[in-house]
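Asker: Here you go, one structure.
Throughout, read-outs are computed from the coordinates displayed, never taken from laboratory work. Keep in mind that this is a model prediction, so the values were computed, not measured. All Cβ positions, even for glycine, are placed from backbone atoms using ideal geometry, and neighbour counts span all protein chains on display.
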């Protein structure tokens, strides 16, 4: 298998081989224009068509109505961690509430704290970020500006199986690491955002779906570029957007629709991949520890360890010898991590499982 | 000539053919890692080396000392228009002052006005943005937080030949459209910023050089992602940077050093290209009007018109028939515009000049 197929990086990560082939050709000449994708003006008809198609494909994959604006932003989730409260934590409402379920939601919450007052709706820190709150376990002020959570924690390998239930409260989720990995009841949210470098394409673009009603709450006087209404009003073309990243994202949405067959089909593949890997790890018994507890285990990121930095290092070497990459755990948790994003194939997961089994037999 | 060579777009614009060829190959497999550049983690050693090299090459091309931090940001100049005053227009100083010399500096000034108090040091609007202030003509409060200007106005085709003189006042310039097109006395500035999609690479990354002394003026408590110290402290890797755009930018700096021979050589080429095009336009007499007045004409963007929307349209058609693209004027000024960024070759300019001359003979 090619090294790109055996890329288990947590992001930027693997992209489908057919998308890479199309992208490679587009660097020299786009089929539609004969000009390099890197030299295309963001005001060209070609790019306006790409913006249109990216939005249309996302709407159609999700079944998203026009009640929502779809917009493409820069700066990643980290910029959104600041701009979400700047736009929506207005004095007309009670402070926004944050679920802290891991490293990334903790960062979102900390940034909100720098923008203004906020409340912690749930905090998994004391229990080591190994579980998630049960739906309905959250005690949220019904007057809150919004409830924010991260749908999948890449570092700890935790994932909400369904949207958090908070009736009557605007729900905002960072779905950077599981957006478009499965069908989604998107209209239960007031806002969803996701950067590209997991399931959507290369780093440099962030998709945001925003209920148009929520946009009306944004206070006036903010710098235009930080006000979500600006890119919505300008069709994501207020200033030069990241043309290349949006182009690759569009190719990915075509691949999801045409090659995979939509999000339900994608989910079946992703569930099977994750089940296979967790089964293999479980069968190893005490030899390996999976960080996340049973019902909250992520289908996207599997964080585990052989319980010893030397053994983990030895496994990385064994995997590298088979052409695998990206299996190091995050610097905050260490250990090992396999990311199983959309573009990671069942065959690649099978190869990883074989390597794990052989390694366990030799070293345990 | 290939369509990429005949791309006169104002940005995203032409890139060197050798850089496109390397980038195309890197989409499938980087020579250093065998993995797609789009699948490389931003924490990988490969990418840390690229970040280092990008910074080192920029320092060496400019002769920039360690007094300056070099950092890579997202969001383009439009985000900087807001974050520069957020970081530096602190109450300890008099309001920042802005030179308004065209469309882009007017936008920078308007955004500063949304962040706080600011003053207009010079305004070329009344005279139709056809000229620039003479050095020393600016009446700047010596206690100002900073003086801001745009070194090259892409739409009107105006360019400052040398840094604005404002002794004792921190000078901040948006050099998005002429950065690395010629040698630069960078250390006369307190901050320089430039997005990539003109001379540096694809859209999606913005380079900032900041005097470390100025960084100490930044107030505490801002969202981390908007505070310039964050990316400086994290080596431009606080959150996922636009890996691909920074990679291509690095290839461009190698090309400038190895293929072109540095910024003085680049300047000679750029001066010759601009002189040739202006000469041809001047020789046409009344048939054509160049927007900018003589001493302020840009070497990067030449805005002109045949004086009639139908004739301009006819010229675009003639140019398109020869494989040329990107010659439409900006929607705010209309007419025509040829952008002569670093990657536009003398041969391409020659082909444009021939087309102009033939067109003028036929239609004037």
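Asker: Could you check which residue among A:142, A:91, A:202 shows the biggest mean-square fluctuation in a GNM of chain A with a 10 Å Cα cutoff?
Answerer: Of the options given, A:91 has the highest mean-square fluctuation.
Asker: Nearest 500 deg cm²/dmol is fine: what mean residue ellipticity at 222 nm does chain B get from its DSSP H runs of n ≥ 4 alone, each adding -39,500 (n - 2.57), divided by its residue count?
Answerer: -11500 deg cm²/dmol
Asker: Another question, then. Could you work out how far the C-alpha centroid of region B:83-114 sits from that of region B:278-311, in angstrom?
Answerer: 31 Å
Asker: Using a label point 7 Å beyond Cα on the Cα-Cβ vector, give me the inter-copy distances for residue B:128 in nanometres, one decimal, shortest first.
Answerer: When each copy's label point is compared with this one, the spacings are 7.4 nm.
Asker: Shifting gears a bit: State the percent of C-alpha pairs, over all pairs in region A:212-364, separated by a distance greater than 28 angstrom.
Answerer: In whole percent, the share of Cα-Cα pairs in region A:212-364 beyond 28 Å is 43.
Asker: Say we join alpha carbon atoms closer than 10 Å with springs in a Gaussian network model of chain B; which of B:315, B:93, B:47 then has the biggest fluctuation?
Answerer: Evaluated over chain B, the most mobile residue of the options is B:93.
Asker: If you don't mind, there's one more thing I want to ask. If you take all C-alpha pairs in the protein assembly as shown, what percent of them are over 53 Å apart?
Answerer: Looking at the protein assembly as shown, the distances longer than 53 Å represent 11 percent of pairs.
Asker: Another question about this same structure. Separation between the residue A:308 and residue B:331 pseudo-spin-labels, each 7 Å from Cα along Cα→Cβ, expressed in nm?
Answerer: 6.5 nm
Asker: Taking the Cβ-Cβ separation of residue B:294 and residue B:49 as r and a Förster radius of 35 Å, what is the calculated FRET efficiency to the nearest 0.05?
Answerer: 0.15
Asker: Which value in Å is the Kirkwood Rh of region B:1-158 over different Cα pairs?
Answerer: Mean inverse Cα-Cα distance, inverted, gives 19.2 Å.
Asker: How high is the FRET efficiency from residue A:125 to residue A:272, r the C-beta distance, R0 30 Å, rounded to 0.05?
Answerer: 0.40
Asker: What FRET efficiency, computed as 1/(1 + (r/R0)^6) with R0 = 45 Å and r the Cβ-Cβ distance, is obtained for residue A:321 and residue B:56, rounded to the nearest 0.05?
Answerer: Computed FRET efficiency for residue A:321 and residue B:56 comes out at 0.85.
Asker: What are the distances, in nm and sorted shortest first, from the label point of residue B:162 to the label points of the same position in each other copy, with each label point placed 7 Å from Cα along the Cα-to-Cβ direction?
Answerer: Output for residue B:162: 7.2 nm, nearest copy listed first.
Asker: Run through the other copies and list how far each one's label point is from that of residue B:308, in nm with one decimal, shortest first; the point sits 7 Å from Cα along Cα-Cβ.
Answerer: Those separations, rounded to one decimal, come out as 8.7 nm.
Asker: Using only the Cα atoms of region B:173-281, what are the Rg and Dmax in Å?
Answerer: 16.5, 55
Asker: Relative contact order (percent) for chain B, with alpha-carbon contacts under 8 angstrom and 6 or more residues of separation?
Answerer: The normalised contact order for chain B reaches 23 percent.
Asker: Would you kindly calculate the mean projected area, averaged across all directions, of the convex hull enclosing the Cα atoms of region B:50-117, in square nanometres?
Answerer: If I average the Cα hull's projected area over directions, I get 6.1 nm².
Asker: Past the 31 angstrom mark, what percentage of all C-alpha to C-alpha distances in chain A do you count?
Answerer: Tail of P(r) above 31 Å: 36 percent of Cα pairs.
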